[in-house]
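The values are calculated or read from the model by the stated rules, or taken from the named source; none is laboratory data. Quick caveat: nothing in here was measured; it's all calculated off a predicted structure. Every residue, glycine among them, receives a Cβ derived from its backbone with ideal geometry; neighbour counts consider all protein chains shown. For the accessible areas, the whole protein counts, side chains as well, though only heavy atoms, and no ligand, DNA or RNA atoms are used. Shrake-Rupley method; radii C 1.70, N 1.55, O 1.52, S 1.80 Å.
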Amino acid sequence: MNVLELSRWQFGITTVYHFLFVPITIGLVFLVAGFETAWLRSGDDRWLKLTKFYGKLFLINFAMGVVTGIVQEFQFGMNWSAYSRFVGDIFGAPLAIEALLAFFLESTFLGLWIFGWDRLPRKVHAACIWITAVGTLLSAYFILAANSWMQHPVGYHYNAATHREELTSFVSVMTNPTQLVTFPHTIAAAFMVAGALVAAVALWHLIRRPAGPDAVSQSSGAAFRSAAKVGAITTLVAAVLTAISGDIQGKIMTKYQPMKMAAAEALYHTSKPASFSLFTIGSLNGSKEVFAIKLPGLLSFLATGSFSGQVQGIDNIQAQYSQIYGPGSYTPIIPVTYWSFRLMIGVGMLAALIALIALWLLRRSRLQGNPAGLNLTGGKRRALLWSAIALPLLPLIANSFGWIFTEMGRQPWLVFGQMKTAAGVSANSAGEVLASVIILTLLYGGLAVIEVGLLLKYAKAGLAEERPPGSPSDEDKPLELVY
Amino acid sequence: MLHLSDIWFIAIAVLWAGYFVLEGFDFGVGILLPVLGRTSTERRALINTIGPVWDGNEVWLLTAGGATFAAFPGWYAAMFSAFYLPLLLVLVCLIVRGVAFEYRGKRDSDRWRLGWDTAIFGGSLIPALLWGVAFGNVLHGIPLNAAHNYTGNFFSLLNPYSLLGGVTTLALFTLNGALFLGLKTTDDLRRRANALAWKIGLGAIVAGAGFLAWTEASYRSPGHVATGVVSVLFAAVAAVTLIGGVLGSRLGREGYAFAAVAVAIVTATGALFTALFPDVLRSSVSPAFTLTVGNASSTAKTLALMTVIACIFLPFVLLYQGWTYWVFRKRISVPGSSAAAPQEVPPAASGPAGGAARLLAPGDVAPHTEPGKPAPTTAAR
């Protein structure tokens, strides 16, 4: 493999990996903040227990998100220095602003939250986690604006003398139409993951550790019921918002990146109306299709909003781009875009379905007079248990496929219409990049094992009895150890 | 007349100086972990002195990196790709170190904790050394061609001047870590940290004086008299405050000593940047290939935008980060040592849940920090 391929693999591996932790962080911080606020307002102990329980899972996850994020900021310069020179005037600002506005907020106020239980007044303590939550949204906004600019560059002009892109309107970059739909889509998808995680852990406890007659286990069961309900509702609402924003995103994408939409369906010839295939057996190169289930007019609807709209085909766009940008291939790797697009949608919908079933079961068991558990036995119990275990993984996988689709679907462009990926890579030696791919992959793999091990340990541990936090007025008390 | 690009050169110097002061002492704490922390519980106390703040300290690096990308894309691109392997090493260190802080206490096993303690030590030591080597090379010059691409290899970065730079940052950060621990711990740990500060301080003075003298003698930009004079002044202030800080520590003035060494780190960073100006990354191949404030910067529009945003938000960052240090201003005692207030320990909750919860429930400490062992006392040693 050459430097370009190795650098692409490294970016892909590190970014997909980083984005396993990001959606959990974004969604879970809000849910934990909600639990703490519910405790403050109601005084009900169950919310304090849930705050601390899910807070631990949040922190285990957050640490990984932070440290893998440093790699993201460094590797633009390390591996993509030609790109960094070319776009730094526009692309650097959102990254710098993200650090200044968001990373400082997140890291500082999360530190206060972790260590401040006994040192801050309760409302101030809860405010710390809310500020952290706002920090995660700010961070997402700036980095997605930077990414959206690569999908659909706006607010710039090309300076031929310096051979670089120069900023003309920062407001345009921040209100890029692509960004305005990408942000809600990404955030909603993050809430799907976090809601699913909260629900899944709670369901696991309800199924595996049914509440006994004693008060402690009844209160634990009731708390997990609340968590399961909050998690499942979050997943469902987020799924609806993800679908709506994704639908709008499809239309924006068709407008600015028609090749990506055509590649999503492996649609080679401009069609009116265009059908959407659920899956295809056989080759996706347009030559021989063995079998496919097609929903007539659906691609037209996704792309244009009308079931009879015209959708441009790959071959047509390829010919058109060759005219505009010169000879070369402008077609992404079709099997990758085709399958990642379907899996994103299908796997995400499956998660929503499980959340819906879980909600229905929770309601049924409450109506049957079991407010601290689920009335399930035998095969149904096992089925729900496995569904619960799959529940958080499904939207997480859907998130990954979404990113793989949107980034691979932009190829061969690094910045659409402006710079090809091959032109953006650093003049490193292949050996250096190979070393970093291997080292980072091994390190990430090892850390994944450790992280999942810890998550499982603390998820299985269940709720602990919590004392109310100490009084911050106790000035003479020395600081305690938290880590 | 200051151009916007000059202002951003200063801003990036300030960000690096802030990073070196803040993460400098938390690197120092990590480096001193196996030296001062004789037991697992002592090491835990040491880690908790920086617990609430290390992540915020590290954001100074991300901001410095992001600001370099935004204000000087040419500098960011050339420097980060040239220092590819050293930066990879720094990344690996920062990754394992950050995870180590968070995960160390999350399993009750000596092997587990010792493993993470080692990660914190190595993950602090290597970057503390490499940042000095990297900045030494920025001033010394690296093989950059006309396209500002690096043509050397890893070993091109190992020259005596840069290595002395590495020793200097390592010594300064370790010294500041020791002084910070003198301020943040009690009893025996505090005494040992202060005693160690004196020894490290003597080494830091020798290395720092040598590195700064070498910088002023050989690495100031020729023909830039004004900034050259400022650089000498910065170096002089750095020398005076460093020596004053080490002496102050010897005299038991912990607060002054820490503040003085922090000033020494800031002014030493200032001396390096003013010696470098107007270059930002020197080419050892030809002065014509050197990146400067002029040829590496963004457009005036981007710089103006960044200036406005920095002026609005940086004061807030300083305020709330300062507030964190105020909230956690208390010293940390090793559980069981004489100064630690006896803690009421609530009955443990059933099952493994009890251990889990306490990680987020400060208040009950000693008996289950290191379960299965008697709480160590400092007096017993």
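Some points to look at:
- The stretch A:13-63, subset open to solvent by less than 20 Å² (accessible area, probe 1.4 Å) and among the basic types (Lys, Arg), residue farthest from the other protein chains (Cβ to nearest Cβ): A:LYS49
- Only one of A:SER436, A:SER400 that is open to solvent by less than 60 Å² (accessible area, probe 1.4 Å), in contact with a Leu (Cβ under 6 Å, 6 or more places away or on another chain) and modelled with pLDDT of 95 or more: A:SER436
- Test: residue in the stretch A:17-40 that is over 26 Å from B:GLU102 (Cα atoms) and in contact (Cβ under 8 Å) with a residue 60 or more places away in the chain: yes
For every residue, the table says whether it meets (1) touching a residue at least 40 places away in the same chain (Cβ under 8 Å); (2) in contact with a Ser or Thr (Cβ under 9 Å, 6 or more places away or on another chain); (3) on the phi > 0 side of the Ramachandran plot; (4) within 14 Å of chain A (Cβ to nearest Cβ).
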| site | (1), (2), (3), (4) |
| --- | --- |
| B:ALA275 | yes, yes, no, no |
| B:ASP279 | yes, yes, no, no |
| B:THR290 | yes, yes, no, no |
| B:VAL293 | yes, yes, no, no |
| B:SER298 | yes, yes, no, yes |
| B:LYS301 | no, yes, no, yes |
| B:ALA304 | yes, no, no, yes |
| B:PHE316 | no, no, no, yes |
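- Residue within the stretch A:168-177 that is more than 14 Å from chain B (Cβ to nearest Cβ) and free of Cβ contacts under 8 Å to residues at least 60 places away in the same chain present: yes
- Checking B:PRO52 against (1) touching a residue at least 40 places away in the same chain (Cβ under 8 Å); (2) in a helix (DSSP H, G or I); (3) under 19 Å from the mean Cα position of the chain (by Cα); (4) at the interface with another protein chain (Cβ under 7 Å from one of its Cβ atoms), the condition it does not meet: (2)
- Contact annotation: no residue pair with Cβ atoms under 7 Å, 6 or more positions apart or on different chains, pairs a residue in the stretch A:408-433 that is without any contact (Cβ under 8 Å) to a residue 24 or more places away in the chain with a partner that is among the charged types (D, E, K, R) and open to solvent by less than 20 Å² (accessible area, probe 1.4 Å).
- Of A:LEU137, A:LEU120, all but one fail to be surrounded by fewer than 20 Cβ atoms within 10 Å (Cβ to Cβ), facing chain B (nearest Cβ under 10 Å) and among the aliphatic types (A, V, I, L, M); the exception is A:LEU120.
- Residue in the stretch A:379-390 that is crowded, with 19+ Cβ neighbours inside 10 Å and over 17 Å from A:VAL193 (Cα atoms) present: yes
- Which numbered condition A:HIS125 misses (of (1) surrounded by 24 or more Cβ atoms within 10 Å (Cβ to Cβ); (2) within 11 Å of another protein chain (Cβ to nearest Cβ)): (1)
- Flag if B:LEU164 is touching a residue at least 40 places away in the same chain (Cβ under 8 Å), of a type in the set (A, V, I, L, M, F, W, C), surrounded by fewer than 24 Cβ atoms within 10 Å (Cβ to Cβ) and part of a helix (DSSP H, G or I): yes
- Residue in the stretch B:69-89 that is hydroxyl-bearing (Ser, Thr, Tyr) and under 30 Å from B:LEU196 (Cβ atoms) present: no
- Failed criterion for A:VAL201 (all others in (1) crowded, with 24+ Cβ neighbours inside 10 Å; (2) modelled with pLDDT under 95 hold): (2)
- Condition broken by B:GLY152, with the remaining ones in (1) part of a helix (DSSP H, G or I); (2) within 14 Å of chain A (Cβ to nearest Cβ); (3) surrounded by fewer than 21 Cβ atoms within 10 Å (Cβ to Cβ) satisfied: (1)
- Within the stretch A:99-109, tally of residues that are open to solvent by less than 10 Å² (accessible area, probe 1.4 Å) and facing another protein chain (nearest Cβ under 7 Å): 4
- Residues that are charged (D, E, K, R) and either at pLDDT 95 or above or in contact with a Lys or Arg (Cβ under 6 Å, 6 or more places away or on another chain) (or both), drawn from the stretch A:57-74: none
- Of the criteria (1) at the interface with chain A (Cβ under 8 Å from one of its Cβ atoms); (2) in contact with an Asp or Glu (Cβ under 6 Å, 6 or more places away or on another chain); (3) within 22 Å of B:PHE25 (Cα to Cα), which one B:TYR84 fails: (3)
- Any chance A:PRO153 is under 21 Å from A:VAL29 (Cβ atoms), away from chain B (no Cβ under 11 Å) and at pLDDT 95 or above: no
- Residue in the stretch B:78-89 that is closer than 24 Å to B:ARG192 by Cβ and open to solvent by less than 10 Å² (accessible area, probe 1.4 Å) present: no
- Residue satisfying all of: in the stretch B:90-121; under 14 Å from the mean Cα position of the chain (by Cα) and more than 7 Å from chain A (Cβ to nearest Cβ); surrounded by the most Cβ atoms within 10 Å (Cβ to Cβ) among these: B:ILE120
- Only one of B:GLY245, B:GLY228 that is open to solvent by less than 10 Å² (accessible area, probe 1.4 Å), over 23 Å from B:ALA134 (Cβ atoms), part of a helix (DSSP H, G or I) and small (Gly, Ala, Ser): B:GLY245
- Members of the stretch A:363-377 that are surrounded by 15 or more Cβ atoms within 10 Å (Cβ to Cβ) and either over 17 Å from A:SER219 (Cβ atoms) or small (Gly, Ala, Ser) (or both): A:SER365, A:ALA372, A:GLY373, A:ASN375, A:LEU376
- Flag if B:ALA71 is of a type in the set (A, V, I, L, M), open to solvent by less than 10 Å² (accessible area, probe 1.4 Å) and more than 9 Å from chain A (Cβ to nearest Cβ): no
- Count of the stretch B:35-57 residues, restricted to those that are of a type in the set (Asp, Glu) and surrounded by fewer than 23 Cβ atoms within 10 Å (Cβ to Cβ), is 1.
- Test for A:ALA266: is it buried (at least 18 other Cβ atoms within 10 Å of the Cβ) and either more than 30 Å from A:ILE90 (Cα to Cα) or touching a Pro at 6+ places or on another chain (Cβ under 7 Å) (or both): yes
- Just one of (1) without any contact (Cβ under 8 Å) to a residue 40 or more places away in the chain; (2) in a helix (DSSP H, G or I); (3) among the small types (Gly, Ala, Ser) fails for A:SER245. It is (1).
- Residue in the stretch B:318-338 that is farthest from A:GLU166 (Cα to Cα), counting only those that are touching a residue at least 60 places away in the same chain (Cβ under 8 Å) and part of a loop (DSSP other than H, G, I, E, B): B:SER338
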